[in-house]
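Below is one structure, written out as structure tokens; the observations come after it.
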Amino acid sequence: LKDNALAFLSINKQKNRADLSPTRIQQLHQKAIKEIQQALQPFGYYHASIDAKLSKQPTGWLAQYQVDKGPAVYITALDIRVTGEGNEDSKFFNLINNFPLQIGDILAQEKYKAAKSSFLEISTERGYLDAKFNDHKILIDLTNNTAKIVLIFYSGQRYQFGSINFQQTILSTRLIKTFLTFKAGDPYSINQLLVLQKALSDSDYFMRSDVTTRRDLANGLQLPIDVLLQPRKRNQYTAGFGYGTDTGARASVGWNNRRINRQGHRLALQLTLSEIQNSQTLQYTVPIHYQRAEQIAITGARSHNFLGNKDDILQTLSVSHSSSP
């Protein structure tokens with residue numbers, strides 16, 4: 001309460017201005033009582049009384065405010081409802097059950113505003129794009145210090161995904177579709193679009209992925225999705241130099257072909273040179289399903305270790321299949 005009062009107080013915000021005149025200080029002081037009262041109202045205190053004093057001191061002006069916040073306004077009634085298709089959606093059900101203000105609580109308007117915003121956020125996230133509040137208000141009885149909260153939220157109908165249109169030329173249709181976790185006809189969800197966008201970005205095929213909901217082309221409740229993709233450069237090169245107590249001077253170079261063909265196959269070569277070891281690794285990767293992180297990797301490696309007067313050469317060839325649950 002004190003922090004909010006200080007934030008509202010003009011005389012506090014302007015106290016360090018060098019051009020403050022005695023007249024201006026008096027004007028700011030006269031505004032203080034109303035500003036403090038306004039600062040306490042969002043926390044449920046509408047009857048604050050303030051003893052205000054302003055005096056000239058040897059080192060400057062001293063403004064003093066003794067605040068009695070008075071009785072609080074308590075919530076005595078809640079009318080929170082969702083109409084439309086959303087009245088059977090568990091997300092809205094949870095919002096109502098976990099509403100941050102309950103009967104017997106002191107009225108806190110910030111909590112009310114945050115809860116109100118949550119209804120709109122959930123409706124946007126889950127595809128209730130015609131949602132609106134049919135009624136939203138706080139009825140305050142200052143005589144009895146009581147408040148009633150009314151929130152009547154109309155969700156409307158839930159939209160669905162329509163056609164998903166990928167605008168790219170580097171990957172096959174079969175592979176690009178494995179980035180999807182939804183299909184046309186599924187309930188619309190912004191979270192699903194974010195998952196798609198992240199998967200495309202993390203794949204290393206694309207430097208930019210723009211996923212757009214085309215509400216202007218809606219077919220009834222079905223919303224087409226446009227996915228505009230900008231590919232990365234096909235080849236990536238790396239180089240490094242350093243020194244280690246175990247290896248001595250060392251250097252490495254690498255080459256990565258991000259896409260050999262439209263099936264998204266990759267080829268990576270890594271060469272490492274040091275005073276005690278040289279190594280070469282060549283890996284060929286075949287992606288199968290990107291959302292499952294499923295792929296087959298064929299790896300050939302050769303290492304040459306210099307151990308005193310003896311050379312040790314190790315050559316390996318391996319095939320692996322991996323995927324996430």
| Going through the range 127-164 one residue at a time, which ones are hydroxyl-bearing (Ser, Thr, Tyr), under 21 Å from Ile106 (Cα atoms) and open to solvent by less than 40 Å² (accessible area, probe 1.4 Å)? | Thr146
| task | Determine, yes or no, whether Leu314 is open to solvent by 70 Å² or more (accessible area, probe 1.4 Å), farther than 30 Å from Leu200 by Cα and not in a loop (DSSP other than H, G, I, E, B). | result | yes
| remark: In the range 191-200, residues that are surrounded by 14 or more Cβ atoms within 10 Å (Cβ to Cβ) and either polar (S, T, N, Q) or closer than 21 Å to Leu217 by Cα (or both) total 4
| Filter result for the condition that a residue is in contact with a Lys or Arg (Cβ under 9 Å, 6 or more places away or on another chain) and farther than 26 Å from Asp246 by Cα, over Val286, Val319 | Val286
| request: Give the range 167-182 a look and list any residue that's within 24 Å of the chain's Cα centre (by Cα), open to solvent by 20 Å² or more (accessible area, probe 1.4 Å) and not hydroxyl-bearing (Ser, Thr, Tyr), or say none. | output: Leu180
| said: Can you say whether Asp246 is among the acidic types (Asp, Glu) and either in a loop (DSSP other than H, G, I, E, B) or buried (at least 16 other Cβ atoms within 10 Å of the Cβ) (or both), as far as the supplied structure shows? | reply: yes
| request: Could you tell me whether Pro71 is farther than 24 Å from Gln192 by Cα, of a type outside the set (A, V, I, L, M), in contact with a helix residue (DSSP H, G or I) (Cβ under 6 Å, 6 or more places away or on another chain) and open to solvent by 50 Å² or more (accessible area, probe 1.4 Å)? | output: no
| task | Would you mind stating whether Arg302 is in a strand (DSSP E or B) and surrounded by 14 or more Cβ atoms within 10 Å (Cβ to Cβ)? | result | yes
| remark: Of (1) within 14 Å of Leu171 (Cβ to Cβ); (2) surrounded by fewer than 16 Cβ atoms within 10 Å (Cβ to Cβ); (3) in contact (Cβ under 8 Å) with a residue 24 or more places away in the chain; (4) not acidic (Asp, Glu), Gly264 satisfies every one except (2)
| Of all residues in the range 296-317, which are within 15 Å of Leu267 (Cα to Cα) and among the polar types (S, T, N, Q)? | Thr299
| request: Would you please list the contacts, defined by Cβ atoms under 7 Å and residues six or more apart or on different chains, that run from a residue in the range 1-23 that is farther than 16 Å from Gln66 by Cα to a residue that is open to solvent by 80 Å² or more (accessible area, probe 1.4 Å) and part of a loop (DSSP other than H, G, I, E, B)? | output: none
| If you scan the range 1-49, which residues turn out to be open to solvent by less than 30 Å² (accessible area, probe 1.4 Å), among the aliphatic types (A, V, I, L, M) and under 30 Å from Asp105 (Cα atoms)? | Ala5, Leu9, Ala32, Ile36, Ala39, Leu40, Ala48
| said: Cβ contacts < 8 Å: first residue over 18 Å from Leu228 (Cβ atoms), restricted to the range 172-193; second residue of a type in the set (Asp, Glu) and open to solvent by less than 60 Å² (accessible area, probe 1.4 Å), any location; separation 6+ or different chain. Result? | reply: Ser189/Glu125; Asn191/Glu125
| request: Answer with yes or no whether Arg232 is among the basic types (Lys, Arg) and in contact with a Leu (Cβ under 9 Å, 6 or more places away or on another chain). | output: no
| field | Matching residues in the range 80-112 - criterion: being more than 24 Å from Asp141 (Cα to Cα) and either touching a Cys at 6+ places or on another chain (Cβ under 7 Å) or in contact (Cβ under 8 Å) with a residue 40 or more places away in the chain (or both) | value | Val82, Thr83, Gly84, Glu85, Gly86, Asn87, Asp89, Phe92
| request: Inspect all residues belonging to the range 282-296 and state whether any of them is more than 24 Å from Gln168 (Cβ to Cβ), modelled with pLDDT of 90 or more and touching a His at 6+ places or on another chain (Cβ under 8 Å). | output: no
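The values are calculated or read from the model by the stated rules, or taken from the named source; none is laboratory data. Keep in mind the model is a prediction, meaning the values are calculated, not measured. Backbone-built Cβ (ideal geometry, glycine too); neighbour counts: all protein chains shown. Heads up: the accessible areas ignore ligands, DNA and RNA and are worked out on the full protein's heavy atoms, side chains in. Shrake-Rupley method; radii C 1.70, N 1.55, O 1.52, S 1.80 Å.
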